[in-house]
1. For helix 539-551, what angle does its Cα long axis make with the longest principal axis of the chain, in degrees from 0 to 90 and rounded to 10?
2. Could you give log10 I(q)/I(0) at q = 0.19 Å⁻¹ for region 138-209, computed by the Debye formula over C-alpha point scatterers of equal weight, without solvent?
3. Give me a comma-separated list of calculated 3J(HN,Hα) values for region 523-530, in order, Karplus coefficients 6.51, -1.76, 1.60 applied at θ = phi - 60°, integers in Hz, x for any Gly or Pro.
4. Taking 0.36 nm per intervening residue step and subtracting the Cα-Cα distance, what contour gain separates A526 from T290 on full extension?
5. Inverting the mean 1/r over all pairs of different Cα atoms, compute the Kirkwood radius of region 309-396 and quote it in Å.
6. For region 566-608 and region 411-478, what is the centre-to-centre distance using only Cα atoms, to the nearest Å?
7. Would you list Y494, Y262 from fewest to most Cβ contacts within 10 Å?
8. For the chain, find the longest principal axis of its Cα atoms and tell me its angle to the long axis of helix 141-162, 0 to 90°, nearest 10.
Amino acid sequence: MGGSRSPRRLLIAAALALVVAGVFWPILGHDFTNYDDDEYVSGNPWVQQGFTRETLRWAWTSGHIYWQPLTWMSHMLDWQLFGPEAGGHHAVSLAFHVANTLLVFLLLERTTGAAWRSALAATLFGLHPLRVESVAWAAERKDVLSTCLWLLTTHAYVAYTRRPRAGRYLLVMLGLALGLMAKPMLVTLPFTLLLLDYWPLGRLRSAGDLWPLVREKLPLVPLVVASSVITVAVQTGATLGSLETYPLLVRTANAIVSYAGYLGMMLWPRDLTVFYRHPGSTIPVWKVATAALVLGALTVTAVLARRRRPYLLVGWLWYLGTLVPVIGLVQAGEQGMADRFTYVPLLGVFVAVAWALPPWPILVPVVAAAVIALVLRTRAQLPVWQDATTLFTHAVAVDPQNALAHLNLGVALAEKGDLEQATKHYEESLRLKPGYAEVVNALGNAALDRGDPDQAIAHFTAALRIAPDYAIALNNLGYALARKGRYAEAIPYYERALGIDAHFALAENNLGVALARTGDNAAARAHFEAAIRIDPRQADAHSNLGALMVVAGQPAEGLVHIERGIAIRPDLGGAHANRALALFTLGRFDDAWQAVRQAREHGAEPTPALVEALRARAPEPAPR
C-alpha cells in the first residue's frame, strides 16, 4: 500500500509546486516598495552588509521592529546573493511559499492518508489571493519563513508521536525556537499540536487523555513565554497601541468583526489592499452583534459535529486560536486587519472545507471552477505589488480615505519627479489625518526638491512641533538650514537626531559636512568614519572622508575612499569632483581632467581654483 501511495504523492506534490510557482511567477519582475521594504531590505544598512561579525551581532541583539534574528539573517543572505535586484529576493520568498504548500500537503497526507483532500487543502492554501501579500511583499519574508519552520516543526512532532524519543522531542523544541526567531506568530504552535492530537492523530480520545497531552507540551511553554515577553518589550512605546488610543472595548469589537471579516475575504477576495484602517470606535453595534452571531453559530456547529466530523472542530479552533496574536487584542501598528495575518490561520478553514465536502463526482467540476476563480483573482492581485506606485494607487482606489496610502503614493510619485501630484496626495493625507508628522516632513522634502529651503524649514519645524523626537525631521531640518549656508545652526539638529537614533548614518554624514564647513575638520572626519561604520554603503560619507584626507595630506588614502563612494553610487557628481582634486594632488592631471568631465556629466562643478590649477599644469582636453 505504501508503494502505491508514493508515486501518487510525488505526482501531486510536483503538480502543486509547478502550479503555485507558475501562478506567482510574475513577482520575480517586481520592485521593492516604499512600505517596510526599506526598513527590512532596500534601505537597511545592516542587511546590506551581508554576514559580518557586526551585522550578526545586530541581528541577534537588535529589537528593530521585532526580535527576529533568523529573518534578518535571511535578508542578509539574499543581499549577498542578489544585491539590490529585487527579483532574487522575491524568488526566495516564492520558494518558501512553494515549500510551505508542499509541507501542508505532505503533513495532511501523512497523517490522514487522504491524498486528494490533502491536495485540495494545500491548493487552497497555496493559491488563494490572500497569500499574495505574504509572498509578493519582500518585508513579509518573516511570514513565509516562520511558517516553513512551523510546518517542519509539526512534521517533527508527528514523527515524535509515532516513536516518542527525547531526541525527537528536542527537534520539536528546536523547530519552535527557530520559528519564534523568525516571527513571534508561532506562540500558538503548541496549541495547534494539541489540536492535531485530537484529529487526525487520534491521541485525544477521552477527557482522561487531555492532561497527559497538555503536560507533554509544557516544555514548549518557556519558549513561547520568552518570545512573548521579548516581543512586547521591544515594541512597547513604539508600535504597540495604548489603551487610550485603542480601548479594550474597541479592540474586542474590532477583533470580533475581523474574525468574521477574514472569512468573508476568504469567500469573496475583492478589494484586497496593503493597509486596512483601524475603525476605532466607529464600528456599528449591529455589525459586532452579527459577526458574534456568525462566529457563535459556526462554533456551536463544529462542537456538535465533533464526533462524526472532528476536522470541523480542529479546523475552526485552529483558525480562532492562531489568529489571537494578530487579531488586535494586543494592538501592534495602526491597521485593523491585514491579508498577511491569514497565512497560517486560514489553513484550518481550508482543511475543514476539504474534508467536509462529500465525495460526489458532480462536485469535481465545481471545485475545479472554484480553484480556477482563485487563480484568476490571485493573478489579478499580483500586479498591485509591482512597485510602490501601483501598490498605493490601488490602496487609494480601494479606500480614498486612507491617509497612509496617500502619503506613500506621494512619496513614490516624488521619487519619480512628479512633485505636483505628490504634493496633492500629501495635502489630501494631511486633510484626512491632521497632525500627521510624516506627511508634514514629506512636504518639507518636496519643498527641498523644488529648490525652496525656506518653505522646507517651515515644514520640518512644523513636523517637529507635532513630534519633537522625530529623528528624520531633525536631520532634514538641519539639512535645509545647511542648504541656506547656516551650518552652525544645523549642527544641533543633527546632534539631536543622533541622540535619538545613534545608528542614523545619514545624520552622521550631514553633521560631518556641517562641522567641516565650520572649520572643525577633525570632528568632521570622526563623523564621516562613524557614518561608514554604521553603513559601509554610505557613498557620500566615503567621498567626504576622502576629500578631508586629501586636504590633510593623504591623497592616496583619500582617493581610495572617494573611488569606493563612486563604486557605490556612480552618479554621485560631488564624488567625481573630489576625485579630480585627489588626482590633481597626486599629479595625475589627465585623469583629473577626466574626473572633472565626469563630475559635470553628473551635475557637479569642481571648484574654480581646482580647474584653474589644472589648466596651469595641463591644457583642458577638447570635448570628444
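1. 30 degrees
2. Treating every Cα as an identical point scatterer, log10 I(q)/I(0) equals -0.76.
3. Those phi angles translate into 5, 4, 4, 4, 6, 5, 5, 5 Hz.
4. Value of the extension gain: 78.7 nm.
5. Final number for the Kirkwood radius of region 309-396 is 15.7 Å.
6. Result: 33 Å between the Cα centres.
7. By the 10 Å Cβ count, ascending, the order reads Y262, Y494.
8. Between the helix axis and the principal axis of the chain, the angle is about 30 degrees.
All of the numbers you see were taken from the coordinates with simple rules; none came from a lab. Note that the structure is a prediction, hence the values are computed from the model and not measured. Heads up, the Cβs are rebuilt from the backbone with ideal geometry, glycines too, and the neighbour counts pull from every protein chain shown.
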